[in-house]
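So the structure is just underneath, and the comments pick up after that.
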Amino acid sequence: MFFVVVIILLIIPQTRQPIQIWINKGLALFSPSTTAKENQHVLTDYNWLLKTKSGELINLEASKGKVILINFWGTWCPPCIAEMPSMQALYEDYKDKVEFVFISDEDHSLTNTFLEEKGYTFETFVPRTAHPKIFNVTSIPRTFLIDKSGHVIIDKTGAANWDSKEVRKTIDELLAVDL
C-alpha cells in the first residue's frame, strides 16, 4: 500500500519535486570523497568565459593558482536543490579563500530569483564559451574541487554534503599549500 501511495505521489507533478528533493537530501548526508592521487586529472586549460549577473564577462584564467570549487547545477534539479544548503554553508565560511564558481545554463533572472527565494548569497555564472574538456559534465549536479596547481581533488556527480568535516579538512589542507 505504501509503495502504491509513493508511486502515485511521484506521478503528480506538484508532489514529485518535493519528494525527489527529500530523497536526495538523504543521499546528500554523505560527504564526497577525494580522488586518489594517481587518478587525479589536471586542469591545464583555464580559458573559459563566464557571464556574471551584471553582464560582465570573466575568465576562469583569473582563478588560476587558487583553490576553486566549480558546481554545475540547475534550479529544476532535485539533487542540486538538496545539496544547496551545504554549499551555502561552505561558501559562507570560505568565500574569501576559495573561488566558488556556480554554473547554470539557465538565464540569470531565473537563477537569481531562485537564490533570493532560498536565501543563498553566492553568485552564479552562465558559460559564454565551451567549458574545458576536463569538465565532462553529462548530468548535474557535478562538482569539482581543484587545488592551486590544477589537480582535481574531488570530482562528484550527484548530491553530497559539502559542509562536512572531511571537505573542510581537505580545503584547509589545500589552502595551506604554497605554490
Conditions (1) within 15 Å of the chain's Cα centre (by Cα); (2) within 21 Å of Lys53 (Cβ to Cβ): number failed by Thr157: (2)
Residues of region 67-86 being within 22 Å of Ile153 (Cβ to Cβ) and in contact with a Cys (Cβ under 9 Å, 6 or more places away or on another chain), which ones? Asn71, Phe72, Trp73
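Can you tell me which of Thr75, Thr143 is in contact with a strand residue (DSSP E or B) (Cβ under 9 Å, 6 or more places away or on another chain), at pLDDT 95 or above and surrounded by 14 or more Cβ atoms within 10 Å (Cβ to Cβ)? Lay out the reasoning, then the answer.
On the way: Thr75 fails: in contact with a strand residue (DSSP E or B) (Cβ under 9 Å, 6 or more places away or on another chain).
Selected residue: Thr143, the only one of Thr75, Thr143 that is in contact with a strand residue (DSSP E or B) (Cβ under 9 Å, 6 or more places away or on another chain), at pLDDT 95 or above and surrounded by 14 or more Cβ atoms within 10 Å (Cβ to Cβ).
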Can you tell me which of Lys66, Lys156, Lys133, Lys169 is over 21 Å from Asp45 (Cα atoms) and not aromatic (Phe, Trp, Tyr)? Lys169
Among Lys97, Lys64, Lys53, which is the only one that is modelled with pLDDT of 95 or more, over 23 Å from Thr138 (Cβ atoms) and either of a type in the set (Gly, Ala, Ser) or in contact with a helix residue (DSSP H, G or I) (Cβ under 6 Å, 6 or more places away or on another chain) (or both)? Lys97
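The values are calculated or read from the model by the stated rules, or taken from the named source; none is laboratory data. Since this is a predicted model, take the numbers as computed values, not measurements. Note that each Cβ is placed from the backbone with ideal geometry, even for glycine, and that neighbours are counted across all protein chains shown.
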